[in-house]
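Notes to accompany the following structure.
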Amino acid sequence: MTEFPTRYLVMAEESIITEDHSAQSLISAYLEYRRVVGEDDYGKLLTPEEYEKYKQNVLPLRLKNRLFTCWVNPNNMDCKLVGPETMCFCQHRYKQHKTDFETIPTTRPILLPCRVNGCLCQSFHYVYSTGSNFLRCHCKHPVEEHSALHPFKCRKETCCKCFGFQNSTTCGCGYPINMHQTVIETQKEREERGHPTGQPTSYAAMGGITGFSSLLDGYMRLDDSGVGAPGEEFLSQPIITSDDPFLRSQLSSLKTLGSGLSAKEVEMLESSLRRPGEKDMEYFERRYQERLKEKNTALPNLALPSTSQDTSKKYKRTTSNK
């Protein structure tokens, strides 16, 4: 039987690799290598011996001296948790900056200089973007035409009114982006702020990423680093027409539950809802079997029909009378 090629979407490289099943292990090994090494090989693959030596030297440092990088608003909310591919003001990504330290610097703020040749960036500075588009300064020039050094003045010779990159865009949290700041902190400092640190990781330049929820903006994230979990008052508020269609479809059921039902009625109401992972035909078949069982249980015990012998005797009596 012919095996069809398997398609892999490599998000970091933004390309699609098509290979047969025999190459799966090689692709997985390369992706693991790229996540661990990051940009430390400067574009030249390490030999197996060099790779093992690299892991022995670097991985203990990452587990011990990991730095968390985030973009914080005045209310101490992490509006953006920086990851390996997050762009800096110098137009280089976070993974292209120095993120591994043998000893954590004692001075604050901690500086993460860019390692790209010729770049003057002294430390990673998050630049806000809307989708794939970066913002423009009040001087009408984009981010890439400004200096990588604070206060990020415009580098255009004809621009004489720019005293530093400024933009009036408002973040999703409600504060202007100019009121945010890039924070680089240790695990202890982050725990003191009451924000999650996640599990130890050996991958390079993870920044503030601690889980899948870290990919969301702060005002949509329900952990302690974001807007937080909703309270009882929020969960108990009435359902209105602007709410999710699923909530509005269950409005009558929720009202009935609140009025007080028997255990059997509650069981029937819960049974009418779709169960997690249940497919359409599985749901309809389950509901049909439940209704059929309920119908058979409700029917009274009917008398059995008379036998054929009784019927024949009755027929003979009727004939003789005639």
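The values are calculated or read from the model by the stated rules, or taken from the named source; none is laboratory data. Predicted model, so just to flag it, every value in this text is computed and none were measured. Note that each Cβ is placed from the backbone with ideal geometry, even for glycine, and that neighbours are counted across all protein chains shown.
Please verify whether ARG66 is of a type in the set (D, E, K, R), at pLDDT 90 or above and surrounded by fewer than 20 Cβ atoms within 10 Å (Cβ to Cβ), treating the condition exactly as stated. No: the conditions fail for ARG66.
Checking the structure you have, find out if any residue of the range 296-311 is at pLDDT 85 or above and either out of contact with any Ser or Thr (no Cβ under 6 Å at 6 or more places or on another chain) or among the β-branched types (Val, Ile, Thr) (or both). So far as the range 296-311 goes, yes, one or more of its residues are at pLDDT 85 or above and either out of contact with any Ser or Thr (no Cβ under 6 Å at 6 or more places or on another chain) or among the β-branched types (Val, Ile, Thr) (or both). Listed conditions (1) modelled with pLDDT of 90 or more; (2) under 25 Å from THR210 (Cα atoms); (3) out of contact with any helix residue (DSSP H, G or I) (no Cβ under 7 Å at 6 or more places or on another chain); (4) part of a helix (DSSP H, G or I) are all met by SER28, apart from (1). Considered as a group, the residues in the range 25-64 that are within 25 Å of the chain's Cα centre (by Cα) and in contact (Cβ under 8 Å) with a residue 40 or more places away in the chain include one that is nearest to ARG115 (Cα to Cα), and that residue is GLU39. The combined condition, being closer than 15 Å to MET77 by Cα and either surrounded by 14 or more Cβ atoms within 10 Å (Cβ to Cβ) or touching a helix residue (DSSP H, G or I) at 6+ places or on another chain (Cβ under 9 Å) (or both), is not fulfilled by LEU215. Remark: pairs (first residue in the range 151-176, assigned to a loop (DSSP other than H, G, I, E, B); second residue among the hydroxyl-bearing types (Ser, Thr, Tyr); Cβ separation under 6 Å; 6+ apart in sequence or on different chains) = LYS153/SER147; ARG155/SER147; GLY172/TYR219; CYS173/TYR219.
Residues checked against (1) among the hydroxyl-bearing types (Ser, Thr, Tyr); (2) within 30 Å of SER202 (Cα to Cα); (3) surrounded by 16 or more Cβ atoms within 10 Å (Cβ to Cβ):
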site	(1), (2), (3)
LEU81	no, yes, yes
GLU102	no, yes, no
GLY118	no, yes, no
SER132	yes, yes, no
PRO151	no, no, no
SER168	yes, no, no
TYR175	yes, no, no
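Determine, yes or no, whether ASN57 is over 29 Å from ASP224 (Cα atoms) and either of a type in the set (Ser, Thr, Tyr) or not in a loop (DSSP other than H, G, I, E, B) (or both). For ASN57, the condition - over 29 Å from ASP224 (Cα atoms) and either of a type in the set (Ser, Thr, Tyr) or not in a loop (DSSP other than H, G, I, E, B) (or both) - is met.
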